[in-house]
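Q: My structure is below; once you've seen it, I'll send some questions.
The values are calculated or read from the model by the stated rules, or taken from the named source; none is laboratory data. The model shown is predicted, which means the values in this text are computed figures rather than measured ones. Glycine gets a Cβ as well: all are built from the backbone with ideal geometry, and neighbour counts include every protein chain shown. Note: accessible area is taken over every heavy atom of the protein model, side chains too, but ligands, DNA and RNA are not part of it. Shrake-Rupley method; radii C 1.70, N 1.55, O 1.52, S 1.80 Å.
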Amino acid sequence: CSAVYHRPYRDRVIHLLALRAYKKPELFARLRRDGVMQKDKGTLAKILQQVAKWNAKDNSFSQKEHLFQTLQTDWPGYTEIDRQNLKLILSRKSAPSQNTTNISQVTSPGPSERDAPAQP
C-alpha cells in the first residue's frame, strides 16, 4: 500500500505488533511487503528495543503496553478484519477486569427462571 510506504518505519512496526506477536524474520518479511528495503534490516533491531517486548519462550516480539494508546485504528495498512481485531484488542486492554466478570456471568438460567410463567 503506497500510503503505508510513506509512513515512518517505526510506526509500521508499532501497527503490525498491535495485532499479534511476531518473530523477527517474519516481521521483517511482512515489512518488506510494505516496501521496507533489505538495507533497513539493521534498523529493525533498534526499533524493536524501543517499541517491543521480547518473549524468550517463543522468541517473538509483542508491542509494549503503553503504545496501544498511540495506535490509529484507520491505519492504511490495515484490512477491515485487522481494524475489527484491533478494536477488539483495544477494548480488552481498556477494561481487562470487566471481561473476566462478563465471562463468569454467562450461565444458563436457573430452573425458576425457565419454569416461571411468562408475565403478561
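Q: When you go through (1) among the polar types (S, T, N, Q); (2) modelled with pLDDT under 90; (3) over 14 Å from the mean Cα position of the chain (by Cα) one by one for Asn59, which number turns out not to apply?
A: (2)
Q: Continuing with this model, one more query. Can you tell me which residue in the stretch 104-120 is modelled with the lowest pLDDT, limited to those that are in a helix (DSSP H, G or I) and of a type in the set (Ser, Thr, Tyr)? Write out each step before concluding.
A: Filtering the stretch 104-120 down to residues in a helix (DSSP H, G or I) leaves 104-105, 111-115.
Cutting the leftovers down to of a type in the set (Ser, Thr, Tyr) gives us 104, 112.
Values: Ser104: 43, Ser112: 40.
My answer is Ser112.
Q: Right, something else. Does the stretch 35-54 hold any residues that are assigned to a helix (DSSP H, G or I) and under 16 Å from the mean Cα position of the chain (by Cα), and which are they?
A: Initially, the stretch 35-54 is screened for residues assigned to a helix (DSSP H, G or I), giving 38-51.
Leu48, Val51 - these are the residues of the stretch 35-54 that are assigned to a helix (DSSP H, G or I) and under 16 Å from the mean Cα position of the chain (by Cα).
Q: I've got another one for you. Which of the residues that make up the stretch 1-55 are charged (D, E, K, R), in contact with a Lys or Arg (Cβ under 7 Å, 6 or more places away or on another chain) and at pLDDT below 90?
A: Across the stretch 1-55, the qualifying residue is only Asp34.
Okay, residues lined up against (1) open to solvent by less than 90 Å² (accessible area, probe 1.4 Å); (2) touching a residue at least 40 places away in the same chain (Cβ under 8 Å):
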| site | (1), (2) |
| --- | --- |
| Tyr5 | no, no |
| Tyr9 | yes, no |
| Ala18 | yes, yes |
| Ala21 | yes, yes |
| Glu26 | yes, no |
| Gln38 | no, no |
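Q: Quick one: would you say Asp82 is at pLDDT 90 or above and within 22 Å of Ala21 (Cβ to Cβ)?
A: On the way: at pLDDT 90 or above: yes; within 22 Å of Ala21 (Cβ to Cβ): yes.
Yes: the conditions hold for Asp82.
Q: Let me ask something additional. How many residues does the stretch 55-82 contain that are in a loop (DSSP other than H, G, I, E, B), open to solvent by 40 Å² or more (accessible area, probe 1.4 Å) and not basic (Lys, Arg)?
A: Number of matching residues: 7.
Q: Take the conditions surrounded by 11 or more Cβ atoms within 10 Å (Cβ to Cβ), at pLDDT below 95 and over 18 Å from Ala3 (Cα atoms) and apply them to Thr101. Does it pass?
A: Against the criterion (surrounded by 11 or more Cβ atoms within 10 Å (Cβ to Cβ), at pLDDT below 95 and over 18 Å from Ala3 (Cα atoms)), Thr101 does not qualify.
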